[in-house]
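One structure is given here, and the rest of the page talks about it.
Read-outs throughout are calculated quantities, based only on the coordinates presented, and are distinct from any laboratory measurement. Please read these numbers as outputs of a predicted model, since none were measured by experiment. Counting neighbours? That spans all protein chains shown, and the Cβs are built from the backbone with ideal geometry, glycine included.
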Amino acid sequence: MSILSKIINPSTERTNSVSPRIVITLDGRGSRLYHSGETLAGSYWFDFVGGDDIQAVECSILWHTVGKGSEDMGVHAFWRHAADAGDWIDPRRPGRFRTVLPQSPLSYSGILIKIYWSVRVRLFLSDGRETVEDLAFRLGNLPDVRTLKPVDLT
């Protein structure tokens with residue numbers, strides 16, 4: 001690698017380093033099924049990253065659709081902690097999140113559309129890299145439409 005390419009793209013020297021890892025856990029539940037009005041709480045932490053390497057952390061509770069037509073996304077809750085805003089981010093100490101879940105949209109696994117909920121944590125590093133991790137959970141207990149038996153309307 002030439003000295004010019006190191007100046008233009010200094011992050012190429014980090015390609016051999018271990019990528020940061022994000023771990024997300026939900027508090028006290030064996031199941032990841034929640035109902036409207038319940039509290040979703042948990043924590044997240046990082047492996048293979050130092051405190052000086054972290055520029056910002058974002059945590060969000062969101063839903064998104066997959067299927068026919070355009071895909072939609074909605075953010076139910078969002079938190080951002082940034083070093084340049086004076087926030088102290090310690091990768092050894094877990095970050096926390098807590099929110100009361102809304103009435104809708106409920107998780108749904110239909111033929112034409114599916115609605116998924118997740119906790120998303122995004123880590124922004126001072127060298128410009130980003131790492132994202134999602135932990136899926138279900139809101140509501142709607143049955144999978146593919147497992148329902150057809151009803152004879154005659």
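Table for the structure above
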| quantity | calculated |
| --- | --- |
| Relative packing of peptides 46-53, 120-127, 25-32 - highest average C-beta neighbours within 10 Å first | 120-127, 46-53, 25-32 |
| Contact order normalised by residue count of segment 19-141, Cα under 8 Å, 6+ apart, percent | 34 percent |
